[in-house]
């Protein structure tokens, strides 16, 4: 039986329409066709090999007498082309996996090249459409193998012999040094004509050229450039090119706790995730993506902003109803496996702030004015003014009772603040007097009801004792300057109550077997994005050396290909949650930019984290902090 790889053993390839997860044992265990949110044709990631997989490996490995994983693997330069090298007693081979970008039908191309000696190889493609539930009709058409099921057809082309065996397409062949064998898997509608046979060498050259051109536009030339570039490529790979929508992750139901039930579908466009991802892209010089996302936003939201959803389908779909797939046993037995996401119907007030912040940063970055977007912006602010005092489900999408979450109110303040700034700069035609009063009212309420003066910390929600990592964003968004004692106290409280010994940060306290504030039982790992938030907070309060040390520790959590999941388990030392995660890579980029900015200028005086609250701790002047917040580089 196929062993169960850890999440970090997977690499990602993609074409900006969908993506595939390639394990270091040569198997593709997750592939949705023809787009990110379509049913998977390979779903072994959430089950077993009988739920669909495609493995290319030395025959000795498949027979259980050779190495189980590749000896080495890496992306080819700054691209999404994955090279994996196997070393056996018979010789060495390289398998190159990639998906050519474009608007046509998705293709997965796998090229096997002999490096040394002569190595017997096996390719076993076991397609199972419908998330592993359907056994397709596999047959030969004009020397080509095709697997058909309902509306979908998968065509597999190669120069070596292919046979159908037990519901799989199998090829056995040998490659010697200097020889190569290519496999091309193409999707098309089952009623359409067969796709043209691809030329692998040309497709590889075009794919490498695409990524070289795209990464060449990156404006960041500071430290951590390699990590920033890899994260940018990963974020680009999670963009649905035809619409400009960005998925939070290309997977569903990878667990936040092994064996637990915190398993969610992330293959949709959250306004929050997409907005913060766009902020990271804008900060590194990518404006085309911002324009594409703005068009997506208009199509998805503009007609009905009063009923703003927190997430949409990748082309703007609103119906994302959640259901379970009981035939899939889940990753390492973590059930249920879910598709769709019921959180789409939640009220999360913070998304107004994230969307408007991104529109503000787009303006700061020189993205051309759009009259339609300006109208949408005004309607969103008007609607927020009527709703900001309501309790909501908050940034973490709790499934318990609504609360007055402090982060939600802070981001409501951000929405109003950025609107005022744009209006004062003449970029938005809207009266500001009432908005200035609203901004002050929100600020007063949060400081009054969301702050615990005894513990000197903001709290998760009004009147609660719990903390929340999202409070670390208070100085980052400019709600209070980082030298404010309340900010310093909050940073120290989060470190004390939500951090591990290594400085990694949990989102909030979970309740174990009991039902907690989020309405769920069970626990979870540390949240990668929250750890980056602590990096930013430490840097802003003047503890730059500590911030850089923590940043380096988080970088070490990436897998060998530079990829991060949503969470990390510091006890079992493994990645958890959907993978790769846009939030995690966005956080990496923004922290790298902030550290570069602060380390390049005059060093701020360190804030006395944990010191008694007596006056302001020396740090950035308030106007300097305001300038930092306004900088599109952040």
For region 166-199 versus region 359-384, the gap between their alpha-carbon centres in whole angstrom: 47 Å
Taking Cα atoms, how many degrees apart are the long axis of helix 288-301 and the longest axis of the chain, rounded to 10 and kept between 0 and 90? 80 degrees
In what sequence, highest mean first, do 299-307, 324-332 appear when ranked by Cβ atoms within 10 angstrom? 324-332, 299-307
If I model a spin label at residue 465 and residue 307 as a point 7 Å from the Cα along the Cα→Cβ vector, what separation in nanometres do I get? 4.2 nm
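How big is the C-alpha Rg of region 203-342 next to the rule-of-thumb value 2.2 N^0.38 Å, as a ratio? Walk me through the numbers on the way to the answer.
On the way: Rg = 17.2 Å, N = 140, 2.2 N^0.38 = 14.4 Å.
This ratio for region 203-342 stands at 1.20.
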Please give the residues of region 133-149, grouped as numeric ranges, whose backbone N is less than 16 Å from a label point set 7 Å along the Cα-to-Cβ vector of residue 164. 134-149
Relative to the first principal axis of the alpha-carbon coordinates of the chain, what is the inclination of helix 271-283, with its axis defined by its Cα atoms, in degrees from 0 to 90 and to the nearest 10? 90 degrees
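Give the Kirkwood hydrodynamic radius (Å, one decimal) of region 7-193, defined as one over the mean of 1/r across all pairs of different Cα atoms. Present the calculation step by step, with values, prior to reporting the outcome.
Working: mean 1/r = 0.0610 Å⁻¹.
When all Cα pairs of region 7-193 are included, the Kirkwood radius is 16.4 Å.
At 0.36 nm per residue, minus the direct Cα-Cα distance, what do residue 89 and residue 217 gain on full extension? Give it in nm, one decimal, please. Display every interim value, and only then the final one.
Numbers: separation 128, 0.36 × 128 = 46.08 nm, distance 4.35 nm.
Value of the extension gain: 41.7 nm.
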Label point distance in nm, residue 372-residue 179, each placed 7 Å from Cα along Cα→Cβ: 5.6 nm
Order by protection proxy (mean Cβ within 10 Å, highest first), peptides 374-382, 37-45: 37-45, 374-382
Nitroxide proxy distance, nm - points 7 Å out along Cα→Cβ at residue 449 and residue 202: 6.4 nm
Using 0.36 nm per residue of separation minus the Cα-Cα distance, give me the extension gain between residue 194 and residue 425 in nm, one decimal. 77.6 nm
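Cα gyration tensor of region 221-630, axes a ≥ b ≥ c as square roots of the eigenvalues: rounded (a/c below 1.5), prolate (a/b > b/c) or oblate?
Details: a/c = 1.27, a/b = 1.06, b/c = 1.19.
Rounded is the answer for region 221-630, as its axis ratio a/c remains below 1.5.
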Angle check, please: helix 582-600 long axis (alpha carbons) against the longest principal axis of the chain (alpha carbons), in degrees 0 to 90, nearest 10. 60 degrees
Contact order relative to length of the chain, as percent, for alpha carbon pairs under 8 angstrom and 6 or more apart: 12 percent
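Nearest 500 deg cm²/dmol is fine: what mean residue ellipticity at 222 nm does the chain get from its DSSP H runs of n ≥ 4 alone, each adding -39,500 (n - 2.57), divided by its residue count? Write out the running numbers ahead of the final one.
Values: 16 runs with 203 residues, N = 634.
Computed ellipticity for the chain at 222 nm equals -10000 deg cm²/dmol.
Would you kindly calculate the mean projected area, averaged across all directions, of the convex hull enclosing the Cα atoms of region 183-278, in square nanometres? All intermediate terms of the calculation are to be shown ahead of the outcome.
Values: hull surface 40.7 nm².
Averaged projected area of region 183-278's Cα convex hull equals 10.2 nm².
Rule-based calculations on the coordinates, nothing more; no lab input. Everything quoted here is computed from the prediction, not taken from an experiment. Cβ atoms come from the backbone with ideal geometry, glycine included; neighbour counts cover every protein chain shown.
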